[in-house]
Amino acid sequence: MKVGHSTLRTLLIGFLGASFASPKIARSAQTQQQPTAIAQHIETVPELRATLSADQQLVFDRAIKLFDQGKFAEATPLFRELLTQKLVDPVLAKLAAECAVNDNDYSAAKQLIDPVLATNEADWQGHTLRARLGAQSGDKATRDVEIARIFKLYEQGLIPAQFTQYPIERDPLASGGSILIFQSIYPWGRFKVHNYARIFDADGKLLRRITLESSDFDQPLFAKEHPAEAAAGGRRFSYDGYQTGPTQSNGQHTETHATYGFLDKEPTYDEMRTRFLQLAAGEGQPASTNTHPQP
């Protein structure tokens with residue numbers, strides 16, 4: 001099975017070069033038990049590269065190219081070669097851990113991530129990797145703790161504003177394709193997306209996207225029907241799908257939107273995952289569809 005490599009890797013290269021500033025968006029209080037992290041500098045890729053010798057830079061650049069192509073097994077020994085020379089470096093450790101997660105080497109990923117977070121508990125990039133490690137390996141407790149911790153770091157303003165979500169789980173489909181699920185750092189966009197997924201065919205071609213949303217547009221009716229729940233902060237959610245539609249005669253590209261149903265409370269991660277997998281497998285018909293010009 002081929003996969004779309006540019007979408008299957010965490011956007012770690014971008015993460016590792018990010019500046020900091022973050023707006024606050026209200027969300028349910030799922031992080032009350034999370035400790036407050038102390039802000040520390042997070043090394044960036046350019047900062048790491050500046051410390052390398054000319055020969056090390058050649059190795060690093062080759063590893064990054066392989067990483068960006070999704071050739072994780074080939075990139076891993078190059079990152080590890082540099083790690084043996086630098087002994088401890090958070091950027092190299094996180095890149096090598098990302099390769100390990102993508103290659104299902106969960107033990108190696110844990111050994112790389114844990115020291116990074118022990119040194120800097122505010123390293124949100126490391127926490128996204130640990131959340132994905134938990135999801136991919138079936139460690140639900142770690143997954144859920146890390147999702148909550150990442151949101152806590154966001155509330156503290158320790159995650160760059162431009163990052164809204166991170167890949168958390170990739171699963172194979174019976175069709176030979178795959179589904180890549182993203183976890184939102186906070187509900188983002190005009191439809192307040194909580195989870196997002198991309199569905200690929202066996203050749204790695206993107207087929208469609210599905211979301212768990214809580215659009216503001218749906219909340220007045222929810223408040224009318226469930227005033228007590230709405231007053232307590234509850235919201236209505238929906239499962240939605242998006243797919244490239246036919247091109248119109250004037251050359252305008254279109255997109256088809258499907259609504260698969262509503263929920264009157266936020267589903268758990270496992271409930272969302274189960275529904276996403278069902279929709280990815282083609283189970284269940286949409287309650288409504290409409291095709292519109294693609295934005």
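Read-outs throughout are calculated quantities, based only on the coordinates presented, and are distinct from any laboratory measurement. Bear in mind that the values here come from a model prediction, so they are computed numbers and not experimental data. In this analysis, Cβ positions are derived from the backbone assuming ideal geometry, glycine residues included, and neighbour counts consider all displayed protein chains.
List of remarks:
- Each residue in R235, R273 was given a count of other beta-carbon atoms within 10 angstrom of its own, and listing them fewest first yields R273, R235.
- Inter-label distance, nm, simple model (7 Å from Cα along the C-beta direction), T289/T244: 1.7 nm
- Annotation: for a label point projected 7 angstrom from Cα along Cα→Cβ of L277, residues of the stretch 139-156 with backbone N closer than 17 Å are 139-141, 143-144.
- The percentage of C-alpha pairs in the chain whose separation is greater than 32 Å is 31%.
- Whole-Hz Karplus values for the stretch 236-241 come out as 8, 10, 9, 9, 10, x Hz, taken residue by residue from phi with 6.51 cos²θ - 1.76 cosθ + 1.60 and θ = phi - 60°; glycine and proline positions read x.
- Karplus (6.51, -1.76, 1.60) ³J(HN,Hα), θ = phi - 60°, over the stretch 72-83, in Hz, Gly and Pro reported as x: 5, 4, 7, 6, 3, x, 6, 4, 5, 4, 5, 5
- For the stretch 184-191, putting each phi into the Karplus relation 6.51 cos²θ - 1.76 cosθ + 1.60 with θ = phi - 60° gives couplings of 6, 5, 8, x, 10, x, 5, 9 Hz, in residue order, rounded to whole numbers and with x for Gly and Pro.
- Rounded Å value of the spacing that divides the Cα centres of the stretch 138-152 and the stretch 258-295: 23 Å
- Excluding same-chain neighbours fewer than eight residues apart, the lysines reachable from K71 by a Cα-Cα span under 21 Å are K2, K94, K110, K205.
- Cα-only Debye scattering, the stretch 164-295: base-10 log of I(q)/I(0) at q = 0.18 Å⁻¹: -1.05
- Translational diffusion of the stretch 231-295, µm² s⁻¹ [Kirkwood Rh, Cα pairs; Stokes-Einstein; 10 °C; 1.306 mPa s]: 117 µm²/s
- Proximal charge balance of K265 [Cβ under 12 Å; K/R count +1, D/E count -1]: -2
- Counting neighbouring Cβ atoms within 10 Å and putting the fewest first, the residues E229, E169 line up as E229, E169.
- Cα centroid of the stretch 180-233 to Cα centroid of the stretch 66-83, whole Å: 34 Å
- Interchain or long-range residues, amide H under 5 Å from Q183's placed H: Y166, I168
- Order of S288, S215 under a 10 Å beta carbon neighbour criterion, fewest first: S288, S215
- The chain: most fluctuating residue of A228, A100, A161 per GNM, C-alpha cutoff 10 Å: A228
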